[in-house]
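The values are calculated or read from the model by the stated rules, or taken from the named source; none is laboratory data. Remember, it's a predicted structure, so these values are computed and weren't measured experimentally. Note that we place each Cβ from the backbone using ideal geometry, even for glycine, and neighbour counts take in every protein chain shown. Ligands, DNA and RNA are excluded from the accessible area calculation, which covers all protein heavy atoms including side chains. Shrake-Rupley method; radii C 1.70, N 1.55, O 1.52, S 1.80 Å.
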Amino acid sequence: MHLNFTASVPRLLLEDLAAGTLKANALHRVARVFDQYSEFVCLDHGLFSLGQPESYVRLNDPMAKDKDVEGAVESIVNGLFCVLVTLGVVPVIRCPERGPAEMVARQLDAKLRAHLATHNNLFKEAAAGALAAGAAAELRAGGGGAARVDVPAVGARRAGDEAQPSEHPQGRRWGGAGAGSGPLSPVLKGAGGGGAGKATSYELDDSDSFWVAHSESPFPKAAEAVDMLLKKWTQDKEQVNAASPTGDAFSEAEDEDLMGRTKQLSAAMSAVPQLMERKRVIDKHVTIGGTLLEEIKSRALDAYFSMEEDLLTRGSTDRAAMLDLLRKRGSREDKLRLAIIYLMATDNASAGDVEAVEAALREQGVDLAALHYIKQVKRVNSSFAAVAAAGGGGGGGGGVGGMAGSKDDLLDWAGRLAGQSLSRVTAGVKNLLAGGRQLQLTRAVEALMEGRPGQDTDSFLCLDPKAPKGGSSSTAAGGSRGAVRDAIVFVIGGGNYMEYGGLQEMARKAGAGGGAAGVRTVVYGTTEMLAGSQFVEQLSELGRKMGYKPPPPPAEAVGGAGAGAGQR
C-alpha cells in the first residue's frame, strides 16, 4: 500500500498513523508514505488556484478573530509552498507593506528558510527533477529550461483593489457565460443546435485552434476573425464544388449521402473531411458569438463599459446618462457594479449625487449591501489618506482588512470593477475597443521585472529566503536585483482571467520587443478564481457583516398592509 497526501502531513498526524497501523498489526502493508505537495489546481498554462473559497471574506471579515485570520494565512502559505516545490524554485519575494500580503510573504519566507536548512530539502536539483514534471511544465507556460534561482514572487492583496474584479470583462475568455470562474475547460452556451428553446453547451480547450488563438481577443476582433474564417471556408468549398461532377458537393444532404458524393471526386476528395471539420468549428463559434452579442445588446453592456472607462480614466461621467442607464438597462448586478465603480472613482461626488445613485438602485430592487461595504472602506481609507497627508502617518496601511489609503489604490480598485463588462463586439459596440488601460497589478509586475523604480512598487518589501538570516528584508529601492526573465505573481483574496490575460499580454509584448529581460514567463496564481458576480457577492456578504440592513418598505406600503390585515 502506498499512501499519498496532497500536502505535507504534520508530524503529529504521522505519529497517529504509525500508532494506528501498529495497533492494527498492519505495518507490513504500508510500503511508503508520500507528500505530493499538490495542494493547488493548474487551470491553464501559467495559471493556478489554491481553491480556497471566500478568501476575500475570510481576510477582511470585521468579525473575524485573530486565529481565523492566522489560519487563513497559514493555508495560503502551505498552498504556495506546494507550488514552489512543484516548480523547484526558491523565489525572491516582493510584496506591499502591511496587510495580508506581508503576513503571507513573511511566513512563506520563514517556511522556505526552515526547509532550506534541512539536509535533504526538496529544492535540491535531484529532488526537484523527480517531482511532477507535467505540472511544473504546465505552470511554466512553456518557458524554456530549468528554473532560475532569481525568480521573483510578487504578492498582491485584493483589499484596496476591489474595483477590477467587479469590472465588466472585455475578452471572450473572461466575458463568456460560464467562463469567468476559472475552469480548466470553459463551457460556453449558445442558443442554437439544441432544438427549439434549448441551449447547447460547447466545451472549449486547446483542441480548438480558434479558441486558442482568440480566447483573449476583444469581441469585435474575435467576430471579425470568425467572419474571415467563414469567407475562407466558402472559397475553399467553391473550389471543391467546382471539381465535383455534380458541381454541388456541399448541398444540403445527410452525412452518408455527402460522403457518397465525395467518392466521385478526385483531387478534392481528401479536402472534404477537413472542410467539414472546419465548418463545424465555424458554426460553433458563430453560435457562441451570436448568443454573447445578444446578451451584450439586451443588457447594454457596451454602454456600461463605456461609462466605466470614463470613470476610470477621467474620474467622471455624465451623471444624467448614468442615472438613466441604471434605471432602464442592464441587470441588477450590472447596475451595482457600475455604482461601485462610480463611488470609488469619483472624489468630488456630493452626498446628494451618491443618494441619487442609491435611490435609482433601490427603485430597481438592487441589494445595496456591497455598496455599503465600499462606502465604509472608502471612508476609512480617506481618513488614513488625510492623516498621511498631514504627516501623521506613513504607508497608508491599516483600514478595513489592511487596505491602503492612497487615491491611486482607490482608483485602481475601481478600475478592476469596470473590467468585467462583456463589452466589445461588432458594429454597434465598436467603442468597446477603446481603452488599453493597464491594470495596477500589471504595472507593478512590469516595473519589478524590469528592475526600475515606480510609484506602484517603491514601498514593496524584498524577502530573500536564501540570504543570510537578518538581512532578508528591505524596501524595493534597496532590494532591486535588476531585470529578470521569470516571475510568479500571486493575488490574495481572489483573482480573475482579466488580470491573468493582462500579465500574459505584458509578457508577450516584452518578448516581441526584445527588451533587456528578453522573453518573459509570468505564472499567475490566486487563492481562488472569481467571476465578477462572485466577487460582488463577497462584497455584499461583508456589507451585511458590517451592519447593513435593507431599508423598510415605503410607509404607504406598510400602512396598506396593516389596513388589509385589520380588515381580514
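One decimal place: the segment His45-Arg280 gains 82.0 nm when fully extended, by the rule 0.36 nm per residue minus the C-alpha distance.
Please report, as a whole percent, how much of the solvent-accessible surface of the range 300-388 comes from carbon and sulfur atoms (probe radius 1.4 Å). The computed percentage sits at 49. Sorting 91-97, 365-371 by average packing, meaning the other beta carbons within 10 Å per residue, from highest down gives 91-97, 365-371. For the residue pairs Lys284/Lys328; Lys221/Lys297; Lys279/Lys509; Lys335/Lys378; Lys232/Lys284, alpha carbon separations beyond 21 Å are given by Lys284/Lys328; Lys279/Lys509.
In terms of packing, defined here as the mean over residues of other Cβ atoms within 10 angstrom, the peptides 275-286, 534-545 line up highest first as 534-545, 275-286. Calculated accessible area for the range 1-122 comes out at 53 Å² per residue, all protein chains present (probe 1.4 Å; ligands, DNA, RNA ignored).
The H on the amide N of Gly495, modeled in the peptide plane, is under 5 Å from the matching H of Thr527, Glu528, Met529, Leu530, each at least 5 residues off or on a different chain. Of the solvent-accessible surface of the range 4-108, computed with a 1.4 Å probe and all protein chains present, 54% belongs to carbon and sulfur.
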